[in-house]
Amino acid sequence: MPNVVVVGTQWGDEGKGKIVDLLTERAQLVVRYQGGNNAGHTLVVGGEKFIFHLIPSGILHPGTVCLIGNGVVLDPEVFLMEVDRLRNRGIKVGPENLRISERTQVIMPYHRRIDVAREEKKGAGKIGTTGRGIGPCYEDKVARRGIRVADLVDPEILQAKLADVLPEKNFYLEKFLHGKPFELEEILTSYLEMGARLKPLMTNVSVLLQQAVKSGKNILFEGAQGTHLDIDHGTYPFVTSSNPVAGGACTGTGVGPGELHHILGIVKAYTTRVGGGPFPTECLDKIGDHLVECGVEFGSTTGRRRRCGWLDAVVLKDAARLNGLTGLAITKLDVLTTLDPVKICVGYDDGGVRRDTMPGTIKELERCRPVFEELPGWSEDLRGVRRYEDLPANTRQYLKRVEELVGVPIQLVSVGPDREETIVVRNPFE
Ligand code: GDP
């Protein structure tokens, strides 16, 4: 009966995919509540590799229903391609195990083109978007000129909306971004075709979730990106366009806050960041190289090398507060093996003034220097360890200190990429 929200506590790429996969075994429903196809999970199941950008990986579990909430932005081309790929590999995909909210915003071809052209125009001042049209789609949602999934099955409405919005998009594309404009008919035809394919999957996700709650099912809410990429609470403007924080699970699916029972924060045992923005614990030395190499810190969708640094407890304490975390899942702990000492940032020094929470502006965060605490490292291989008490004493000391600093108990510890390479202290679904 409990419902669990999985949320990244840092800047994304915390290894949520593996934890979600593990928890999905206990969930009858898995719901995505924000973001788009910029999330990338790679799962290896039975020796076969599956890559997911949009559809929850729970689709691989027979009997699990996967939902795309209204808070997501959906690129129908990418979505249908993912569906086809799964079907080609013998995975059953249909209304019985995959539904999308009729209110979900649709990523249109002009969103993608604007996204790419804008980044090119910005040059060095780039935010580091993935160019998939996600930001421009959220802009249109808030500007109340977005196209929603339900519009794709209504030719009159879609035609009228496109006629309204396209002249402005084309003007902006041609005159400001020096890009190519779009023809209305072209978009209309192809999006109505895709709408027809999506129709059987469209539903009222909020109603469906209410029924699931009433019948005592377990629901897993899957957040994409991470807390400090949150549009409101993150390191603005180096953020994503949606609300990855746990509260986003309510607005992004249509459940009340009382239905979110456990909030599991995914914590990578060190910190990584993709793209620009201040990063107080960043290591630009051989420690950074170790983390990149041992942690294979390259973007799963872009291949970009991630910036790496020590664990930052200021970041984590903020995440605990912003999400109301009830448990932590530590991932990639094995990557710290052989580093000695291991460091944790316990506060910031802002020109002689101590800070214990993330400042509200980039300018202040750029000024902050990390205050590190050093702990003894370990050299034992962790990947075979399955019980908490079997971890080396120094590893346990490190984990205990993280718990103390963040004030939230550790429930899962991941010591390798494999599903089996996990220490379960307490499964939040129990
Ligand atoms: P996500 O989008 O939050 O899942 O994060 P990433 O795209 O960074 O994926 C995490 C990567 O790290 C995947 O390749 C996983 O197989 C791998 N991974 C997950 N947990 C662990 C772990 O505990 N140890 C190691 N070494 N790798 C892990």
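Some observations on this one:
- Total residues in the stretch 85-137, condition farther than 22 Å from H178 by Cα and part of a helix (DSSP H, G or I): 4
- Scan the stretch 389-430 for residues that are more than 16 Å from the ligand (Cβ to nearest atom), basic (K, R) and within 22 Å of the chain's Cα centre (by Cα) and the total you get is 0.
- Any hit, the stretch 1-18, residues being more than 29 Å from G195 (Cα to Cα), in contact (Cβ under 8 Å) with a residue 24 or more places away in the chain and assigned to a helix (DSSP H, G or I): yes
- Taken together, E364, E374 contain a single residue that is closer than 24 Å to E404 by Cβ and either touching a strand residue (DSSP E or B) at 6+ places or on another chain (Cβ under 8 Å) or of a type outside the set (S, T, N, Q) (or both), which is E374.
- Flag if T357 is more than 20 Å from F279 (Cα to Cα) and of a type in the set (V, I, T): no
- Among the conditions (1) within 27 Å of N427 (Cβ to Cβ); (2) modelled with pLDDT under 95, the only one that R305 does not satisfy is (1).
- Options V346, V335: the member that is in a strand (DSSP E or B) and either in contact with a Cys (Cβ under 8 Å, 6 or more places away or on another chain) or closer than 30 Å to D390 by Cβ (or both): V346
- Residues in the stretch 58-81 that are surrounded by fewer than 22 Cβ atoms within 10 Å (Cβ to Cβ), without any contact (Cβ under 8 Å) to a residue 40 or more places away in the chain and in a helix (DSSP H, G or I): L60, M81.
- Per-region count, the stretch 96-114, residues in contact (Cβ under 8 Å) with a residue 40 or more places away in the chain, under 22 Å from A249 (Cα atoms) and not acidic (D, E): 9
- Residues that are in contact with a Pro (Cβ under 6 Å, 6 or more places away or on another chain), closer than 16 Å to T235 by Cα, among the hydrophobic types (A, V, I, L, M, F, W, C) and more than 16 Å from the ligand (Cβ to nearest atom) do occur in the stretch 365-373, at least one of them.
- Selection count where residues are part of a loop (DSSP other than H, G, I, E, B) and buried (at least 18 other Cβ atoms within 10 Å of the Cβ), scope the stretch 138-169: 2
- Of all residues in the stretch 19-52 being at pLDDT below 95, in a loop (DSSP other than H, G, I, E, B) and crowded, with 21+ Cβ neighbours inside 10 Å, the one that is nearest to the ligand (Cβ to nearest atom): A39
- Within the stretch 371-417, the set of residues being in contact (Cβ under 8 Å) with a residue 60 or more places away in the chain and not in a helix (DSSP H, G or I) comprises F372, G407, V408, P409, I410, Q411, L412, V413, S414, V415, G416, P417.
- Checking the stretch 321-334 against the condition returns no match, with no residue being over 18 Å from I410 (Cα atoms) and modelled with pLDDT of 95 or more.
The values are calculated or read from the model by the stated rules, or taken from the named source; none is laboratory data. Note that the structure is a prediction, hence the values are computed from the model and not measured. Every residue, glycine among them, receives a Cβ derived from its backbone with ideal geometry; neighbour counts consider all protein chains shown.
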